[in-house]
Amino acid sequence: MFQLFFKYPSPVFAKGRLVLLATWPAWLLPVLIIGFACGLALLVRLRMRDAAPKLQSWRAWVVWGLQSTLVALILLLLWQPAITISALNSQQNIIAVVVDDSRSMAIPDSNGKTRESAALAALQGGILSGLQKRFQTRFYRLGNGVRPIGALKNIAPVETATHIGDGLKQLVTETSGLPIGAILLLSDGGENATGMGRPEIGLDALQSLRNRRLPVHTVGFGKFESAHDVELEDVSVAANAVANARVTATVSMIQHGYEGQKATLTVRDGNKMLAAREVTLASNGVLQTEPFFFFAGAAGAKNLRFGIEPLPGEENLSNNAIARPILVSDAKRRILYVEGEPRWEFKFIRRAEEDDPTVQLVSMLRTSENKIYRQGISDPSELADGFPVRPEDLFGYAGIIIGSVDAGYFTPLQQELLREYVDRRGGGVLFLGGRSSLSDGGWGASSLNDLLPTFLPAGRNNFHRNSATVQLTAEGINSPITRLLDDPAKNAERWKKLTYLADYQDAGSPKPGATVLVQMNVGHRKLPMLITQSYGHGRTAIVATGGTWRWQMSEPLGDPSHDLFWQQLLRWLVADSPGPVTASMPARNLMDEGHVQLMAQVRDRQFQPATNVQVTGHVVGPEGVNALIELTPSHDTPGLYQTEWTAEKPGTYLAEVTAESVGNQPQELGRDVLTFQREDGVAENFHTEQNRALLEQLAVQTGGSYWEGSDLKNLPSDIGYSEAGISVRTTNELWDMPIVFLLLLGLPITEWLLRRKWGVV
């Protein structure tokens, strides 16, 4: 229908460029159009008073619009408009026909035919013969990359991945010497080169296509939405955990057809169930995020499998589970606890940590003005001179607790060292309430005021030996620090029923970026009790009371609330404190390819970047993989060492990175361990609906078009409009388009009919 009125097919107008063939200057055309329109407007205005009554209104301007349009059309025709467009020369160009043969193309749609068979049927139903009348054709199969094939019968949907962007980039490179005029891609758009994340075509692939001016015409197959399916979109969980600690994961899912129904989330370590939780599914097509808590268990490298139990009638069960590698460590983290006076809180915190094999409290208790009582020290010299004054002494601790200690107890050098401990070393500092703590200890006026997660109130009379009850905030309900019971509602109720505190302290108002997890009820006032924040590379927190010991003394015998809270809080305090060597990878889940980028940040005992060290990595993996690799210094970042390696086989890998000083007597600076895994064929099970948005984006950004598999009759003719290959630019005049003659006749006739209707002919 479009070509009937406009003479040429729509791609001519979409891809062509409008030109004026007349020798008159182009700028004169709009000037004349505006001039004639203004002249007609002035004429209408002058004759308005003498015109018939029915034309002394908006009707006169309708007539002016029709007359101005007619004049503009006539002037445009005098300038001889035309469209220039590049078209491929017949029989001199190649059309690259690329068929997706990944496993998702074997999915049957509602008509019972697989996507692959629908794609082949579309080609053999006249499209291929239409292309071959004008062009040469070459066939390629697309999976991890592209491979040429001799005939369509050699295509089978068995590839374990679909890398559309990488495949097209490879095709551009390998055909650089061929006159490729266009690419025809038949696919469901299941790009998974980015794993199970958001599918997208890389910029380098798009740029390579643009450099060749190669249009990609995409033909989509597969339904746009599943009728009944629940799919895990992502699982976010820390790569490292402390043995037997409570771990938080965030599970994202999306469902179709099960709105409002119950489903069960699970996490397993092999065949062992670690946790299960029932959730209510959200609306169809809405991304749903759920927090999930479980205990890490014993130390070791683990491959945890997060899943959702199958629901009746699910179309795809392969997208119900996601694996995540996690390294559980039982290494003891040492925490320095500085307490200014003997008190119950000190005793019961130490007692709670005696049952935690992953945390060791090293305490210094001031018993008098010039005496300290040390516990948990590794040798007699540790803390013999009081609080450390050298970075190498203080930075060996993973966390610091400051109890009822006046800020003036620390020298300016020690205060600056505390700041560097958090900011540079990345340690955690916890401030406890007490009669010499926080504002009552002069911390608000100290140089460490910005370390605190609250704006402390003025004065020194904010510590009160009065009772206060506690309750969780909305943030505290989902925090692993305050999780006493697995069920969120029961956990919140458990906190409300805890025995009242023996004392409380006004910690002030939280700073921007700080999070209040627990608050205290003091009469009609609500004061923050547990406040956390990130600071520099580390973290700080306040527990604004010295009276949590009553939870242990007054609760029933065997109640774990007090000990569990303190164990979880101190594990949080030290969980992210780095060691001298910190190994990392951009991605620990490798999907369908084994490229590994291993990096290590190495620091000396003062946690300054170590630049003259030897860093090696020892990698062990499946089927006896055992490799020793060397990491080289980065040219841009001091202390950063990196290397690249390839994990050839699917499975779980363990990498241990060791740093040693260089010299006659090398000494080990530290080591770190990380785990990662390679999975082949898993990403193809996710996002199995047709990704029309990606196919349309690819077509639009390369100058092609998106086609539905059921409407391809114009494709053989439209695909020839391309600037790639061997093409010629043609000029198509527009004066003889049928729509022009219709307008030339229709505009005056419309004016005459309107005048007749209004009775002013």
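The values are calculated or read from the model by the stated rules, or taken from the named source; none is laboratory data. Nothing here was measured: the structure is a model prediction, and the numbers come from that model. In this analysis, Cβ positions are derived from the backbone assuming ideal geometry, glycine residues included, and neighbour counts consider all displayed protein chains. The protein model used for the area step is the full one, side chains on, heavy atoms only, and it has no ligands, DNA or RNA in it. Shrake-Rupley method; radii C 1.70, N 1.55, O 1.52, S 1.80 Å.
Hey, what D do you get for segment 625-730 in µm²/s if you plug the Kirkwood alpha-carbon radius into Stokes-Einstein at 4 °C and 1.567 mPa s? Let's see the in-between values first.
Working: Rh = 20.3 Å.
In µm²/s, the coefficient is 64.
Can I get the semi-axes of segment 85-135's equivalent ellipsoid? Compute them from the C-alpha gyration tensor as square roots of 5 times the eigenvalues, in angstrom, largest first.
Details: eigenvalues 166, 28, 13 Å².
Three semi-axes, in Å: 29, 12, 8.
Taking segment 681-761 on its own, what percent of its Cα-Cα pair distances exceed 20 Å? If you can, show how the numbers build up before the last one.
Details: 2168 of 3240 pairs.
The answer is 67 percent, as a whole percent.
Based on alpha-carbon atoms only, what is the radius of gyration of segment 577-639 relative to the globular estimate 2.2 N^0.38 Å? Don't skip to the end; give the middle numbers.
Numbers: Rg = 13.6 Å, N = 63, 2.2 N^0.38 = 10.6 Å.
So segment 577-639 has a normalised radius of gyration of 1.28.
Roughly how big is the chain's charge dipole about its Cα centre, with Cβ charges of +1 (Lys, Arg) and -1 (Asp, Glu), in debye to the nearest 20? Each step should come with its number before you reach the end.
Details: 71 positive and 78 negative charges, 593 e Å.
Computed about the Cα centre, the dipole is about 2840 debye.
Against the longest alpha carbon principal axis of the chain, how many degrees, from 0 to 90 and to the nearest 10, is the axis of helix 561-575 turned?
60
Suppose R0 equals 51 Å. What FRET efficiency, 1/(1 + (r/R0)^6) with r the Cβ-Cβ distance, do Ala239 and Glu341 give to the nearest 0.05? Walk me through the numbers on the way to the answer.
On the way: r = 40 Å, r/R0 = 0.79.
Efficiency, from the Cβ-Cβ distance: 0.80.
Based on alpha-carbon centroids, what's the gap between segment 683-708 and segment 741-760 in Å, whole number please?
So the two Cα centres are separated by 47 Å.
Under 19 Å from the Cα of Lys15, which aspartates and glutamates turn up, not counting those fewer than eight places away in the same chain?
Glu696, Asp718, Glu723, Glu733
For the pair Asp636/Leu178, report the inter-label distance in nm, with labels modelled 7 Å from Cα in the Cβ direction.
The modelled label-to-label distance comes out at 3.7 nm.
Restricting to the chain, what percent of DSSP beta bridges are antiparallel, rounded to 5? Provide the component values of the computation, followed by the final result.
Numbers: 118 of 166 bridges.
Given both bridge residues lie in the chain, the antiparallel proportion sits at roughly 70 percent.
So for segment 530-668, considering every pair of alpha-carbon atoms, how many percent are separated by more than 25 Å?
Values: 4850 of 9591 pairs.
It works out to 51 percent of all Cα pairs.
Ordering His228, His562 by how much accessible area each has at a 1.4 Å probe, largest first, what is the list?
Working: His228 80, His562 0 Å².
Result, largest first: His228, His562.
Enter the accessible area per residue of segment 555-621 (Å², integer; probe 1.4 Å; all protein chains in place).
Accessible area per residue: 40 Å².
To the nearest 10 Å², what's Tyr706's accessible area with a 1.4 Å probe?
40
Ordered by packing density, taken as the mean number of other Cβ atoms within 10 Å over each peptide's residues, highest first, how do 77-84, 597-604, 338-345 rank? Before the final figure, lay out the partial values.
On the way: 77-84: 16.1, 597-604: 21.4, 338-345: 19.4.
Ranking, from highest mean packing down: 597-604, 338-345, 77-84.
Please state the equivalent ellipsoid semi-axes for segment 657-719: what are the square roots of 5 times the Cα gyration tensor eigenvalues, largest first, in whole Å? All intermediate terms of the calculation are to be shown ahead of the outcome.
Values: eigenvalues 617, 58, 14 Å².
Rounded to whole Å, the semi-axes are 56, 17, 8.
Mind listing P(r) for segment 180-271? All alpha-carbon pairs, 5 Å bins, whole percents.
2, 8, 12, 16, 14, 12, 10, 9, 7, 5, 3, 1, 0
Just reorder Lys496, Lys649, Lys133, Lys511 by solvent-accessible area, largest first, 1.4 Å probe, all chains present.
Details: Lys496 110, Lys649 75, Lys133 155, Lys511 30 Å².
Listed by decreasing accessible area, they come as Lys133, Lys496, Lys649, Lys511.
Tell me the per residue accessible area of segment 331-437 using a 1.4 Å probe; a whole number in Å² is fine. Write out the running numbers ahead of the final one.
Details: 4320 Å² over 107 residues.
About 40 Å² of surface per residue is accessible.
Specify the angular offset, from 0 to 90 degrees and rounded to the nearest 10, of the alpha carbon long axis of helix 692-702 from the longest principal axis of the alpha carbons in the chain.
The angle comes out at about 60 degrees.
Give me Rg over Rh for segment 609-650, both radii from the alpha carbons and Rh done the Kirkwood way, two decimal places.
Working: Rg = 12.7 Å, Rh = 11.7 Å.
The Rg/Rh ratio comes out at 1.09.
In terms of the ratio Rg/(2.2 N^0.38 Å) built on C-alpha atoms, what value belongs to segment 462-541? Provide the component values of the computation, followed by the final result.
Values: Rg = 13.1 Å, N = 80, 2.2 N^0.38 = 11.6 Å.
My calculation over the Cα atoms of segment 462-541 gives 1.12.
Would you work out if segment 132-205 is rounded, prolate or oblate? Take a ≥ b ≥ c from the square roots of the eigenvalues of the alpha-carbon gyration tensor; rounded if a/c is under 1.5, else prolate when a/b is larger than b/c, oblate otherwise. Kindly include the intermediate steps, with their values, before the conclusion.
On the way: a/c = 2.19, a/b = 1.44, b/c = 1.53.
Since a/c reaches 1.5 but b/c is at least a/b, the shape of segment 132-205 is classed as oblate.
To make sure I understand the rule: partners must be lysines, Cα under 16 Å from the Cα of Lys272, and not fewer than 8 residues away in the same chain. Which ones qualify?
Here the lysines satisfying the reach criterion relative to Lys272 are Lys302.
With unit charges on the beta carbon (Lys/Arg positive, Asp/Glu negative), name the residue among Ala151, Leu76, Leu40 whose Cα is farthest towards the positive pole of the charge dipole of the chain.
Leu40
Percent of Cα-Cα pairs more than 49 Å apart in the chain, please. The partial results should precede the final answer.
Details: 122963 of 289180 pairs.
Across the chain, Cα pairs with separations above 49 Å total 43 percent.
Using the structure shown, select from Lys347/Lys490; Lys496/Lys526; Lys169/Lys223 the pairs with a Cα to Cα distance greater than 21 angstrom.
In this structure, Lys347/Lys490; Lys169/Lys223 exceed 21 Å between Cα atoms.
Defining a contact as two alpha carbons under 8 Å apart and six or more residues distant in sequence, what relative contact order in percent does the chain show? Don't skip to the end; give the middle numbers.
Numbers: 1661 pairs, mean separation 123.2, N = 761.
Once normalised by length, the contact order is 16 percent.
Near Lys262, which aspartates and glutamates are there with a Cα under 16 Å away, not counting those fewer than 8 places off in the same chain?
Here the aspartates and glutamates satisfying the reach criterion relative to Lys262 are Asp229, Glu231, Glu278, Glu290, Glu309, Glu314, Asp487.
Under the classification rounded if a/c is under 1.5, otherwise prolate if a/b is larger than b/c and oblate if not, where does segment 28-174 fall, given a ≥ b ≥ c as square roots of the Cα gyration tensor eigenvalues? Display every interim value, and only then the final one.
Values: a/c = 4.16, a/b = 2.87, b/c = 1.45.
Prolate.
How many Å² of accessible area per residue for segment 651-759, probe 1.4 Å?
Details: 5520 Å² over 109 residues.
Per-residue value: 51 Å².
For segment 225-334, what ratio Rg/Rh do Cα atoms give with a Kirkwood hydrodynamic radius? List each step's numbers first, then the result.
Details: Rg = 15.0 Å, Rh = 14.6 Å.
Expressed as Rg/Rh, it is 1.03.
Of all accessible surface on segment 528-657 at a 1.4 Å probe, what whole percent is carbon and sulfur? Could the numbers behind the result be given before it?
On the way: 2770 of 5590 Å².
Taking all protein chains in place, segment 528-657 shows 50 percent carbon and sulfur surface.
What value, in deg cm²/dmol to 500, does the helix sum -39500 (n - 2.57) over DSSP H runs of n ≥ 4 give at 222 nm once divided by the residues of the chain? If you can, show how the numbers build up before the last one.
Details: 18 runs with 184 residues, N = 761.
Taken over the chain, the calculation gives -7000 deg cm²/dmol.
Report the accessible area of Lys169, computed with a 1.4 Å probe over the heavy atoms of all protein chains in place, in Å² rounded to the nearest 10.
It works out to around 80 Å².
How much accessible area does Met737 have with a 1.4 Å probe, in Å² rounded to the nearest 10?
The value for Met737 is about 20 Å².
At a 1.4 Å probe, what is the % contribution of carbon and sulfur to the accessible area of segment 257-358? Mind showing how you got there, number by number?
Details: 2270 of 4570 Å².
C and S atoms contribute 50 percent here.
Translational D (Stokes-Einstein, µm²/s) of segment 316-461 at 4 °C and 1.567 mPa s when Rh comes from the Kirkwood sum over C-alpha pairs?
Working: Rh = 16.9 Å.
D, rounded to a whole number, is 77 µm²/s.
Just going by the charge dipole of the chain, with Lys and Arg at +1 and Asp and Glu at -1 on Cβ, which of Leu206, Ala301, Ile719 is farthest out on the positive end?
Ile719
Can you tell me the 0 to 90 degree angle between the C-alpha axis of helix 164-174 and the longest principal axis of the chain, rounded to 10?
So the helix axis and the longest Cα principal axis differ by about 60 degrees.
Whole Å is fine, so just give me how far the alpha carbon centre of segment 147-226 lies from that of segment 317-388.
56
Under a 1.4 angstrom probe, counting protein chains only, how are Leu287, Leu695 ranked by accessible area, largest first?
Values: Leu287 105, Leu695 0 Å².
Greatest to least solvent exposure: Leu287, Leu695.
Would you give the gap between the C-alpha center of segment 611-676 and the C-alpha center of segment 505-532, rounded to a whole Å?
44
What is the ratio of the Cα radius of gyration of segment 62-104 to 2.2 N^0.38 Å, with N the residue count, to two decimals?
Details: Rg = 23.2 Å, N = 43, 2.2 N^0.38 = 9.2 Å.
Ratio of Rg to 2.2 N^0.38 Å for segment 62-104: 2.53.
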